[in-house]
Amino acid sequence: MSVCVALVILTLNACTTAAAVIAGVQAQHLQPDVWLVLDSGSSDGTVELLAQAGADVVPVDRARFDHGATRQAAVDQLDGVDVIVFMTQDAVFADADALGTLVACLGDPRIGVAYGRQIPRPRAGVIERHARLFNYPDAGTVHTMDDAARLGIKVAFCSNSFAAWRRSALLAVGGFPSPCILGEDMLTAARLLQAGHGVAYCAEARVAHSHVLTVGGEARRYFDTGVMHANNLWLLQALGSVGGEGMRFVRSEVHYLETQGAVLRVPEALARNAVKLAAYRLGRAYQRLPTGWCRSMSMNSGYWNYMRREHETP
């Protein structure tokens, strides 16, 4: 039986990566039945490039952008689609089989979502490379709720930079949550686990995707992660806390830097991790902070224009 596949990419001034993204999509052996681009008001030619390549570009109000609600709006309009693959504007298919390989994971009816491997972009620095190697190993796996006791919150790890969702399962658990400052992928994967579905990591389906983040950029991301956890205490209660994952990352990073001949960057890495921890804790305590402070510390300043002080996802 044929499967109807939609590819959804979120963009904002993505001209620098658009050509590579377009070439990657057009090279896929499995071509999406629907190619949807959600654009938040690009002014650099992104819309024109993607529309000329055959994408259906839908405008999104940048001031009202929400990681959960914006994606859910796409899910709602894709009636008749079986699998929805979400990607971000800077994720580029690593080979012509990446999309088909990821979608094939959902051939197992027990799998609700499958996410692919993110490999470092070609010119990635050593710290950037380690972050991808740590979170995206070369061996795939399938997690179920039975693994929560062993893995804690990591059992629900998932990334919408390259993830394929079974639309029926997604809708059955209420879709992507909103308002959502960050982590709509993990929150929804956790709901799928609770409903009895598996979360698959497909290491064979690869995209090139990594970031050069300043210390301030990393702090903002971890502040938002803390806010997400504070607003969704059920996630930690159901799956367990972040526990020793942070220390495991630090030890792995130091070892990697040493083996790569970059021991002089260890102090920088340790400082970055200390800043991330502090930012995360501030995010967890955001309700005690003035909204203006939260806005300035966040990656998603628009979120603070309409969020509610107390809104745990049910």
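Listed values, structure above:
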item	result
The range 270-295: number of residues that are out of contact with any Ser or Thr (no Cβ under 9 Å at 6 or more places or on another chain), modelled with pLDDT of 95 or more and among the small types (Gly, Ala, Ser)	4
Residue in the range 25-43 that is over 24 Å from residue 121 (Cα atoms), of a type outside the set (D, E, K, R) and out of contact with any helix residue (DSSP H, G or I) (no Cβ under 8 Å at 6 or more places or on another chain) present	yes
Selection status of residue 30, outside any loop (DSSP other than H, G, I, E, B), of a type in the set (A, V, I, L, M) and either at pLDDT 95 or above or farther than 18 Å from residue 84 by Cβ (or both)	no
First in the range 261-286 and free of Cβ contacts under 8 Å to residues at least 24 places away in the same chain, second anywhere and assigned to a helix (DSSP H, G or I) and among the aliphatic types (A, V, I, L, M), Cβ under 7 Å, 6 or more apart	263/257; 266/254; 266/257
Some residue of the range 64-78 being modelled with pLDDT of 95 or more and assigned to a loop (DSSP other than H, G, I, E, B)	yes
Filter pass, residue 183 being crowded, with 24+ Cβ neighbours inside 10 Å, in contact with an Asp or Glu (Cβ under 9 Å, 6 or more places away or on another chain), of a type outside the set (S, T, N, Q) and under 20 Å from residue 145 (Cβ atoms)	yes
Subset of the range 279-292 that is under 19 Å from residue 236 (Cα atoms) and either hydrophobic (A, V, I, L, M, F, W, C) or in contact with a strand residue (DSSP E or B) (Cβ under 7 Å, 6 or more places away or on another chain) (or both) - its residue that is surrounded by the most Cβ atoms within 10 Å (Cβ to Cβ)	279
Among (1) of a type in the set (A, V, I, L, M, F, W, C); (2) closer than 30 Å to residue 144 by Cα; (3) touching a helix residue (DSSP H, G or I) at 6+ places or on another chain (Cβ under 6 Å) - the single one residue 294 does not satisfy	(2)
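The values are calculated or read from the model by the stated rules, or taken from the named source; none is laboratory data. These numbers were taken from a predicted model, which means no experiment stands behind them. Cβ coordinates were reconstructed from backbone atoms using ideal geometry, including for glycine residues, and neighbour counts include every protein chain displayed.
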